[in-house]
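The values are calculated or read from the model by the stated rules, or taken from the named source; none is laboratory data. None of the values given here were measured: they were computed from a predicted structure. All Cβ positions, even for glycine, are placed from backbone atoms using ideal geometry, and neighbour counts span all protein chains on display.
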Amino acid sequence: MRRSRLLMFAVLAATTVLLAGACSSSSASSSSGAGSASGSGKITIGTDQANDHGTQDATGKSSFQIDANNDNGFYFNPTVLTGSANQSITLEIKNVGTSEHNFSIDSQHVNVTMQPGGSEQVTVTFPASGTVEFYCSFHRSLGMVGELQVA
């Protein structure tokens, strides 16, 4: 009887360890040309809490891809794009998620919507200094926010 209790305890302990490991593991991947940097957690952008999926440098580039996604949360990848003061850049916003997404920058009158699998190109300008916020009008409150930041 004691041996069967020990065996049952060992099986329960091993199962608990395996389940805890499976629940706590995460993987980040990027299928975009934007790079594979990904953050964890949240960052504050303006008055919003953004789901952080990293920062990429676009200094000197004329085009760049940003992914809009809803796999394990709503986010842009990268969340922060850095560039030079007053740099103009064409962004391809690619919806790699399963929900409809939007890309908006109020101060630059940008507002485009992409169906799953779709993409839109927009030309934006980095500010002279500081940051410009962008967001998904459908999922902003869920953390789908990012920014253009002068390096």
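At a glance:
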read-out	value
Residues being surrounded by 20 or more Cβ atoms within 10 Å (Cβ to Cβ) and either under 11 Å from the mean Cα position of the chain (by Cα) or not in a strand (DSSP E or B) (or both) - total across the range 55-80	13
Among residues of the range 94-110, those that are outside any strand (DSSP E or B) and either under 12 Å from the mean Cα position of the chain (by Cα) or at pLDDT below 95 (or both), counted	2
Gln108 being surrounded by 16 or more Cβ atoms within 10 Å (Cβ to Cβ), among the polar types (S, T, N, Q) and more than 27 Å from Asp71 (Cβ to Cβ)	no
Residue match in the range 72-79 (condition: of a type outside the set (D, E, K, R), free of Cβ contacts under 8 Å to residues at least 60 places away in the same chain and more than 21 Å from Thr44 (Cα to Cα))	no
